[in-house]
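Contents: one structure, followed by commentary.
Derivation of every value follows stated rules applied to the coordinates shown; laboratory data play no part. What you see is a predicted model, and the numbers here were worked out from it, not measured in a lab. Glycine gets a Cβ as well: all are built from the backbone with ideal geometry, and neighbour counts include every protein chain shown.
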Amino acid sequence: MPVEAPYPELSELLDLIGQAGRRLAEIEASEGAAGNISVYMGWPVDPRRQFPYEETIELPTAIPEMAGAAFLVTGSGRRLREIKDDPAANLGCIIINPDGQTARQYTSPRRLFARLTSELNSHLAVHRDQVINFKTNFHAVIHAQPLHLTYLSHIPRYQDERYLNQHLLRWQPESIINLPEGIGYIPFRLPGSPELMTATVEKLRRHRVVLWAKHGVMARSDASVKRAADRIEYAEIGARYEYLNLVNGELGEGLSAEDIHAICKAFNVDQSVY
């Protein structure tokens, strides 16, 4: 659903990105400099107050359909837990040029990175796909590396998408309510590669969170950046329950399919997992 005017101030979005980054670090989804965040803003943005330095950069993927669009993006090598301390130092703002192959990049005098995230190609491709297909004027994308989700993706039976979802979403009623399409699964692809970008775009058309095997997750939201972080947290807590059950000899049974159908009926949830 499009965001209505008055639109959020840039300072407000920077603060929310900082809050999301800190929460991801708190749940052990962002060790060191792992993880990245971007936000698309489909309204006129003048970033020069927070980001006065301007330069032209080449984009990793062409998006001519989004000429004039503005994005906030984390810098490569920056720690998500530190964004909130000084958002302008850890993020940049780009506005896509008419050719769709370059952008004006705006940064702060306190800038702490040499370039934007190495996953920028996947971020931009996902934003483009969602905006074109669903006509939203706001979209947030987060990549993080939650401990238990990433670990389970190393175990062969969790590499089956149906098995993965039916086991991770059985531990709490909130799981199916917040992830009714389940978690998409993508076999290992080289980080930052065109293959990972293409697979991610396709999976995020049907899911709100995708698991990159042996790497981490990517989540999206057209409501808020914190909502995208929440979806990672819901997926990760399911994986944590599943891990606890594995190390405890699989004594827990979780919610049954009948239990989950009853939850979905009561809360009017149209799910596609069970």
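Key figures for this structure:
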quantity	calculated
Cβ-based net charge around Leu204, under 9 Å, with every Lys or Arg adding one and every Asp or Glu removing one	+3
Cα lying deepest toward the dipole's positive end in segment 20-142, options His127, Ala88, Ile57, charges on Cβ	Ala88
Length-normalised contact order for segment 146-274 - Cα pairs under 8 Å, 6+ apart - percent	35 percent
Inter-site label distance for Glu174 and Lys135 at 7 Å from Cα along Cβ, in nm	3.4 nm
Cβ charges +1 (Lys, Arg) and -1 (Asp, Glu), total dipole of segment 146-274, debye	400 debye
Net charge contributed by nearby residues that have their C-beta within less than 10 Å of Gly100 (K/R +1, D/E -1)	-1
Rel. contact order, % - alpha carbon contacts under 8 angstrom, at least six apart, the chain	20 percent
Dipole-positive endmost among Ile37, Asn178, Gly68 within the chain (Cβ charges, Cα centre)	Gly68
Helix-derived mean residue ellipticity, 222 nm - over the chain, DSSP H n ≥ 4, -39500 (n - 2.57), to 500	-11000 deg cm²/dmol
The chain - charge dipole about Cα centre, Lys and Arg +1 at Cβ, Asp and Glu -1, debye rounded to 20	340 debye
Neighbour count of at most 13 Cβ within 10 Å plus DSSP loop: longest GluC sites (Glu not before Pro)-free window in the chain	10-249
Within segment 1-145: Cβ-based charge dipole about Cα centre, in debye rounded to nearest 20 (Lys, Arg +1; Asp, Glu -1)	180 debye
Cleavage-rule hits, trypsin sites (Lys or Arg not before Pro), segment 192-230, DSSP coil, Cβ neighbours within 10 Å at most 11	Arg206
Candidates Leu251, Leu204, Leu190: whichever shows maximal mean-square fluctuation once the chain is modelled as a Gaussian network with Cα springs under 10 Å	Leu251
Vicinal HN-Hα couplings computed from phi for segment 200-214 (Karplus, 6.51 cos²θ - 1.76 cosθ + 1.60; Hz; Gly/Pro x)	5, 4, 5, 5, 6, 6, 10, 10, 9, 9, 10, 9, 8, 3, 6
Fraction of antiparallel bridges per DSSP, segment 146-274 only, in percent to nearest 5	50 percent
Relative contact order, percent, segment 87-178 [alpha-carbon distance under 8 Å, six or more residues apart]	15 percent
Using θ = phi - 60° and Karplus 6.51 cos²θ - 1.76 cosθ + 1.60, couplings along segment 99-110 (whole Hz; Gly, Pro as x)	6, x, 10, 10, 8, 7, 9, 10, 9, 8, x, 8
In nm, spacing of pseudo-spin labels at Leu147 and Ser11 (7 Å Cα→C-beta vector)	3.7 nm
Burial order of peptide ranges 99-112, 66-79, 134-147 (average beta-carbon count within 10 Å, highest first)	134-147, 66-79, 99-112
